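Working notes, beginning with the structure itself.
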Ligand SMILES: [Fe+2]
Ligand SMILES: [Fe+2]
C-alpha cells in the first residue's frame, strides 16, 4: 500500500473521521467480523487505488468522502427491527438522509451514497465516481463475505489493516 495514497486519503476524510457519528459506525458489524466503518474505509481506499491505477479522471475528494458515508445508516442491520426489515432496498436512502442531515454534501457525494445499491435500487448512478463506488462496494462486500478463500482473505487483510491504520 503506497503511503502517499493513504496520506491523501486521510487528508480527504479527516474531518468526517473526527466526528462521533462516523466513529459510531465502528460499533456496527457489516459483514463477517468487519465493522461498518472498516468496510467503508476499505471501499474508499480501494476506490482511490482503482481510479489512480486505471488513470480514471475524477473528483478524488468526493469519491472517498462519498465512499466513507455510503453505508451511513447508523444501525445494526442484523437486528430484526421493523424499520430496517428491507435493509438491502432501503439503506442507501437512509444513509443519504443521515449524511445530508449531518454534513455538507456535493452532488457527487449524494449520487455515490444514494445510488450505491443499484441495481437493487432502480435509479442508476449518474457520475463516474458513483459507478466506481458501486463496483468497489460489491467487490469489497464479496471479499468480506467469502473470506475463506485464501487469496480473497489476503486482500481482505489489506483492507482491514489500511482501515485500522487510518481509524486509530
Ligand atoms: Fe450499502
Ligand atoms: Fe457497502
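I'd like the full set of residues that are more than 14 Å from ligand 2 (Cβ to nearest atom) and surrounded by 21 or more Cβ atoms within 10 Å (Cβ to Cβ), limited to the range 36-55. Walk me through it before giving the result.
Initial filter on the range 36-55 (more than 14 Å from ligand 2 (Cβ to nearest atom)): 48-55.
Correct list: 48 only.
Residue by residue through the range 10-35, note down the ones that are farther than 18 Å from residue 97 by Cα, in contact with a helix residue (DSSP H, G or I) (Cβ under 6 Å, 6 or more places away or on another chain) and either away from ligand 2 (no atom under 16 Å from the Cβ) or in contact (Cβ under 8 Å) with a residue 40 or more places away in the chain (or both).
Across the range 10-35, the qualifying residues are 10, 12, 13, 26, 28, 30, 31, 32, 34.
When residues of the range 71-90 are filtered for being under 16 Å from the mean Cα position of the chain (by Cα) and away from ligand 1 (no atom under 12 Å from the Cβ), how many remain?
Of the residues in that region, 3 qualify.
Would you check if residue 101 is more than 14 Å from ligand 2 (Cβ to nearest atom), within 19 Å of residue 12 (Cα to Cα), modelled with pLDDT of 95 or more and surrounded by fewer than 19 Cβ atoms within 10 Å (Cβ to Cβ)?
Values: more than 14 Å from ligand 2 (Cβ to nearest atom): yes; within 19 Å of residue 12 (Cα to Cα): no; modelled with pLDDT of 95 or more: yes; surrounded by fewer than 19 Cβ atoms within 10 Å (Cβ to Cβ): yes.
Against the criterion (more than 14 Å from ligand 2 (Cβ to nearest atom), within 19 Å of residue 12 (Cα to Cα), modelled with pLDDT of 95 or more and surrounded by fewer than 19 Cβ atoms within 10 Å (Cβ to Cβ)), residue 101 does not qualify.
Among the residues of the range 91-123, count how many are more than 16 Å from the chain's Cα centre (by Cα) and within 12 Å of ligand 1 (Cβ to nearest atom).
2
The values are calculated or read from the model by the stated rules, or taken from the named source; none is laboratory data. Because the structure is a prediction, the values reported are computed rather than measured. Because the Cβ atoms are built from the backbone with ideal geometry, glycine has one as well, and the counts that use them run over all protein chains shown.
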